[in-house]
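So the structure is just underneath, and the comments pick up after that.
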Amino acid sequence: PLRARRLLLSRLFQPRNLQAGGEAAADGEPACRSQRLMLQAGLIHPSSPGCFHYLPPAVRAMEKLVKVVDEEMREVAGQKLSMPSLSPAELWRASGRWDRMGTELFRLSDRHGKSYCLGPTHEEVVTELVAAQSTLTHKQLPLRLYQVSRKFRDEPKPRFGLLRSREFYMKDMYTFDASEEAARHTYDEVCGAYCSLLDRLGLPFVKVQAATGNIGGSMSHEFQLPADIGEDRLVLCPEGHFAANVETLNGEQTSCPTCGGKLTQTRGIEVGHTFYLGTKYSSVSNAVFYSPENKPLLAEMGCYGLGITRILAASIEVLSTEDSIRWPSLIAPYQLCFIPPKRGSREEEEGAALLERVYDDVAEALPHLAGDSVLDDRTQLTIGKRLKDASKLGYPFVVIAGKRVCEDPPVFEVWNQNSGEVLFLSREGVIELLSKVQVP
């Protein structure tokens, strides 16, 4: 029964093409590192321009990332809900964004001639939902509602795989507070949650002042991962006093407004964006709450986006080598790869049995890793070839039954891919090492 539960690499639906090279995407556009690696590793497969199939390992990584996001949102009293992707045109007309968003909206009509868009974001929809609660009081605030769902944006030129696509997953939170002071406190708390999330993933990020754009509001920040292929230009104070997207600056600013130091320039990939909205949307939908004096007052709002699929791609972009994926270890699709001896080798029979026993022992001793192990059963290939593939696919740990597996007691070769360390461990040593591995 245990053997039946072992996850065999040959059975995974992960159409790998790890030998592929080339710098062009399927449409002839230049490909970035994350796009190339994700295509080669069988994580994504193109469907139409800017739309991708997310294959099972990518879905595993995404589900893990959403679990970590949920943990951080719970820390700031976030409540999860799900809103429709189809959004009535009249809500967008009322806010003025039906015309202002222009061709970015995917628009459609139903059989009755009623107009809709596929939601790129949900400010209008969530404000209408809260406005419909006619008995909302100050005691129920702050209200912090969020979802993780597919979003749609008619990008004129989708490129770089999941970094700029037309259909993507986003975590969007919308907050409702009783005063400007309370809303700004919420803003700081959610920004803190974003910093905590990116720290836990081990991603190098900067929080920068940003433009409010089509969303609107009076204050905005972006969370950017510095990267050469990033589409945003950033200016940073070397001492950390100031950071901004250049689109927010008047003219060419070269020195820090706080310390006067020379600003450096870099490019970044935006993975999160926060906005303080005030009453911009609540005034349109009349989203009110009742004060202690039983007076109806407009709720003060904020909205907070986090690109789920963009974080997947951006983390591969900034952590990986040119030919090998390196995941934030928390969200790697699988934590462990077990490599048995080559078919026909001296160690084949005894080594395979010992390795399978370690696989089963890890699942029993560390139940949180039970579904996170893959056995590379392609024993017609050399250990070296399978180790190379494992490195390219980015398993954080690889356990090998090599030449020393037949010693007494057996010794296993363990590769820590993220640190580059190679250890020779007994069965107990393997379990002790892996007991420190965290999964969401």
Cα-Cα over 23 Å: which of LYS67/LYS171; LYS114/LYS151; LYS80/LYS207; LYS207/LYS392? LYS80/LYS207; LYS207/LYS392
By the Cα gyration tensor axes a ≥ b ≥ c (a/c under 1.5 gives rounded; else a/b larger than b/c gives prolate, otherwise oblate), the shape of the range 334-435 is rounded
3J(HN,Hα) from dihedral phi, the range 397-414, Karplus parametrisation 6.51/-1.76/1.60, rounded to Hz, x for glycine, proline: 10, 10, 10, 10, 8, x, 4, 8, 5, 8, 5, 10, x, x, 10, 10, 8, 10
Please list the non-local residues whose amide H lies under 5 Å from the amide H of PHE106, H modeled 1.01 Å from N, same-chain partners needing a gap of 5 or more. LEU118, ASP154
With an 8 Å cut-off on Cα pairs and a minimum separation of 6 or more residues, tell me the relative contact order of the range 32-319 in percent. 21 percent
At a 1.4 Å probe radius, which order do THR186, THR212, THR254 fall into by accessible area, largest first? THR254, THR212, THR186
Give me the Kirkwood hydrodynamic radius of the range 250-299 in Å, from all C-alpha pairs, to one decimal place? 15.4 Å
Residues with amide H under 5 Å from that of GLY402, placed H, sequence gap 5 or more: GLU413
In sequence order, what are the phi-derived ³J(HN,Hα) couplings for the range 347-361 according to the Karplus relation 6.51 cos²θ - 1.76 cosθ + 1.60 with θ = phi - 60°, rounded to whole Hz, with x for glycine and proline? 8, 3, 5, 5, x, 5, 5, 5, 5, 5, 5, 5, 3, 5, 5
3J(HN,Hα) from dihedral phi, the range 366-377, Karplus parametrisation 6.51/-1.76/1.60, rounded to Hz, x for glycine, proline: 10, x, 5, 9, 4, x, 10, 10, 10, 9, 7, 8
Positive minus negative residues near GLU72 (Lys, Arg vs Asp, Glu; Cβ under 13 Å): +1
With a Förster radius of 22 Å, plug the Cβ-Cβ distance of SER196 and LYS436 into 1/(1 + (r/R0)^6) and report the FRET value to the nearest 0.05. 0.60
Looking at the square roots a ≥ b ≥ c of the eigenvalues of the Cα gyration tensor of the range 98-249, which shape do they give, rounded for a/c under 1.5, prolate if a/b is larger than b/c, or oblate? oblate
When the accessible area of the chain is computed with all protein chains present and a 1.4 Å probe, what percentage of it is carbon and sulfur? 50 percent
Within the range 94-127, report the trypsin sites (Lys or Arg not before Pro) that DSSP leaves as loop and that have at most 16 other Cβ atoms within 10 Å. ARG111, LYS114
Cα-projected label distance for THR264 with CYS406, points at 7 Å along beta-carbon direction, nm: 5.4 nm
Kirkwood radius from Cα pairs of the range 61-156 plugged into Stokes-Einstein at 20 °C, 1.002 mPa s, gives D in µm²/s equal to 140 µm²/s
Report the label-to-label distance for GLU90 and ASN294 in nanometres (one decimal), using points 7 Å from each Cα along the Cα→Cβ vector. 3.2 nm
Peptides 374-382, 135-143 ordered by average Cβ neighbours within 10 Å, highest first: 374-382, 135-143
Please sort by residue number the GluC sites (Glu not before Pro) in the range 22-120 whose DSSP state is loop and whose Cβ has at most 11 other Cβ atoms within 10 Å. GLU23
Along principal axes, largest first, the alpha-carbon spread of the chain in whole Å comes out as 81, 53, 49
How far is it, in nm, from the label point at LYS385 to the one at GLU75 when both lie 7 Å from their Cα along the line to the Cβ? 4.5 nm
Quickly estimate the mean residue ellipticity at 222 nm for the chain, helices only: each DSSP H run with n ≥ 4 gives -39500 (n - 2.57), and the total goes over all residues, rounded to 500. -8500 deg cm²/dmol
Multiplying the sequence separation of ARG150 and GLU350 by 0.36 nm and subtracting their Cα-Cα distance, what value in nm do you get? 67.1 nm
R0 of 45 Å, Cβ-Cβ distance GLU180-GLU428: FRET efficiency to nearest 0.05: 0.15
Accessible area of LYS67, 1.4 Å probe, to the nearest 10 Å²? 110 Å²
Roughly how many Å² is the accessible area per residue of the chain, as a whole number, for a 1.4 Å probe? 45 Å²
Efficiency of FRET between GLU189 and GLU104 - r from beta-carbon atoms, R0 30 angstrom, step 0.05: 0.50
Given the protein chains as shown and a 1.4 Å probe, how many square angstrom of TYR169 are accessible, to the nearest 10? 50 Å²
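The values are calculated or read from the model by the stated rules, or taken from the named source; none is laboratory data. Note that this is a predicted model, so its numbers are computed, not measured. Please note: Cβ atoms are built from the backbone with ideal geometry, for glycine as well, and neighbour counts cover all protein chains shown. Note: areas computed on protein heavy atoms with side chains; ligands, DNA, RNA excluded. Shrake-Rupley method; radii C 1.70, N 1.55, O 1.52, S 1.80 Å.
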